[in-house]
Each structure stands twice: as C-alpha cells, then as structure tokens.
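To start, the structure itself, in structure tokens.
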C-alpha cells in the first residue's frame, strides 16, 4: 500500500492524489473486467465444461468492484483522516470487500458442489437431495470466516468469542457423538471408496445385498429378499467388507455334482463344460472348469466352477445350470446317485431274515 501511495503521489495536493488514485483504479478495474468478460470468456467458451463459464459469471463483477474499492482505500490514505475517522473509513471499505467476496465464494462453492454431485452421483450414489445440506454447510463455513475477518478489521478481539465457540462446539460434539461418528464414517467411505452403488457387498454382520445409496449418515443395501437394510456409516467404517463386485464384476459360482461309480468321467466333464458355456449368465473368460474333488460314499464328486456376469445373477445361474445338468444327464444316461442303505432283518430264531434296501 505504501509503494502504491508513493507511485501515485503526483501532486502536492492530497485531494488531487486521491482523485487520481480513484480514477486510475477505476480504469484498471474496467480493463480487468473487459479482459475477464471478453478474453477469458473466449477461452472458456471453447471447453466442453460449463463450470468455468459459471465461475467467470460470478467473479468478473466482484473483481471490478474490489479493484475500484482499493482505489478508494488509497484515496482515504491520501486524505489522511484522523485515527477514528480512518478506522471507520477503512473498516467500512474492507467490510464491503469482504461481503462482496463472501457472496461470490458462496455462489462459486454452490456451483462446484452441483458439478461434483452431477459428476459423482453415478459413482458414489450420493442423492441430489443431499446437495442443499452441502450448500448450507458451506454457507455456514464461509459466513463464519467472513464474520471473523470483519471483526478483525474493526479491531474487535475475537479470542473470547473463539473460546466460547470452542466450548459450545465441544458440548455439541459430546451430545451428538453418534451423529458425528456416522458423519466421519461417511466421509471415510467417500474417500476410501470400498464399494460403489450397484456393488454386492457382505458385511461382518452377514448382511449381503446390493448397495443402493451412500449417504452422509448411513448406507442402504437391498437384500435378495428385496428388503432394505440401513447401516450407519460408523459401523461400515469399522467392519470387514467383502465386495463381490470388485475388482471385476464377475462372480464365481461353485456347483457340486455327484455321479455314480462307473460313469464315463470324460463325458461328465465335457457335458458340464458345455452346459456352463451355453448359459447366458456365464462369461466366456475366465473359462468354465471342472474339478474332480473326491470319491464319495455313494458318488464321484465333481465341482463345476464358472463365472457369472454379476453377483446378482448367481442364484439364477445356479438354478438354470442345475436344471440343465439334470435334464442332460438323464438324456445321456449318466446316473446321479442318492444315498442308499442295506437293512438286514434278523428273525427271533437268530437266522437272517430278508434284506431290505433303502
């Protein structure tokens, strides 16, 4: 400020210097306004993002008024009013500048929040109903900072106010600790992103379902019974989460199959692979595979391993494949055994009776 005063100290008359400072800064403000409105506007018009145009709409007038008010501040310094009058003049001008940028920052933050919600809604599942909440929180933060700046400009000691605000904040935090825990849990979910909307997850508490929404306080999942479960984010943040849809959306299913001893195991394996490949929900890569697991008490135990398109299709794919296996095995004469017991009935004379199989 002192260097500017010396640079514009053209005349010995303080009134002339004050007038020149206002005139020069009005000229600078006009040039800056034209540069923003014409030059930068031409650059932003070539981009596909509408956010930069909205920001220019917000800032070009505040920049003009700020530069003009700086000229008025210099004029006040040239005129050299008394201490009390100078405090009032400078305080009023700084207050005006602070208020101008307070409303400008609120408008910019609202534009950024709207853009972030529009871009991240499909990824995070944040409902647009939360947008007013974010905007109100941002407004409160900006207003608190602005009030602190204005009080400092008017040389008001803000230390007692900050101490009182700290005590009030601590009391509120203790009273609403669960809400605060859920809020920070939601923030951790947004930052860490262990799952997204549409993913199938399994929690420690054995809840399994599709994530339908992720909010600041809670996460909602829909089970296979079409029941919505609301889980507080504080629990989500401290739980082991199994994401069945990540890192790939494919989900492996295991289908045990038992065939009778003496069956053609090559034919069994070929048939199972063909059935899996022919199912619409089974992906081609990774390929379906068969594993001969063990010699059971009544059957040769195989396991069909294949990957379905998504976790939601697991139950339907198993149903269709099982139906196809049963029909194809009957057609090819491959027996699917069931447990049997031989019961020997002994007569009263101690001689063996007839044998009953079950």
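Would you kindly state how much longer the chain becomes between residue 301 and residue 206 on full extension, computed as 0.36 nm times their sequence separation minus their alpha carbon distance, in nm to one decimal? The partial results should precede the final answer.
Numbers: separation 95, 0.36 × 95 = 34.20 nm, distance 2.89 nm.
Working it through step by step, the gained length comes to 31.3 nm.
Between the stretch 247-297 and the stretch 27-47, what is the separation of their alpha carbon centroids in Å?
With the stretch 247-297 and the stretch 27-47 each reduced to a Cα centre, they are spaced 67 Å.
Report the extension gain between residue 30 and residue 112 in nm, rounded to one decimal, defined as 0.36 nm multiplied by the number of residues separating them, less their alpha carbon distance.
Working: separation 82, 0.36 × 82 = 29.52 nm, distance 2.72 nm.
Value of the extension gain: 26.8 nm.
Just grab the label-to-label distance for residue 254 and residue 159, each label 7 Å out from Cα along the Cβ direction, in nm (one decimal).
6.8
Return the FRET efficiency for the residue pair residue 92, residue 53: r is the Cβ-Cβ distance, R0 is 35 Å, and the value is rounded to the nearest 0.05.
Rounded to the nearest 0.05, the efficiency is 0.60.
Can you give the FRET efficiency to the nearest 0.05 for residue 99 and residue 230, using r as the Cβ-Cβ distance and R₀ = 45 Å? Intermediate results must be reported in sequence, preceding the final value.
Numbers: r = 42 Å, r/R0 = 0.93.
Taking R0 as 45 Å, the efficiency between residue 99 and residue 230 is 0.60.
Rule-of-thumb check for the stretch 188-243: C-alpha Rg over 2.2 N^0.38 Å?
Scaled against compact globular proteins, the figure is 0.98.
Run the quick spin-label model on residue 46 and residue 331: label points 7 Å from Cα toward the beta carbon, then report their separation in nm to one decimal.
6.4
How big is the stretch 251-332 in terms of Cα radius of gyration and Dmax, in angstroms?
12.3, 37
For residue 65 and residue 139, what does the FRET efficiency come to when R0 = 30 Å and r is the distance between their Cβ atoms, rounded to the nearest 0.05?
Working: r = 21 Å, r/R0 = 0.70.
Calculated value: 0.90.
Please label the shape of the stretch 216-357 as rounded, prolate or oblate, based on the square roots a ≥ b ≥ c of the eigenvalues of the alpha-carbon gyration tensor (a/c under 1.5 means rounded; beyond that, a/b larger than b/c means prolate, else oblate).
Because a/c hits 1.5 or more and a/b fails to exceed b/c, the stretch 216-357 counts as oblate.
Bear in mind these aren't lab numbers, they're just calculated from the coordinates by the rules spelled out. Worth saying up front: this structure is predicted, and the values here are computed from it rather than measured. Every residue, glycine as well, gets a Cβ built from its backbone with ideal geometry; the counts of neighbours run over all protein chains shown.
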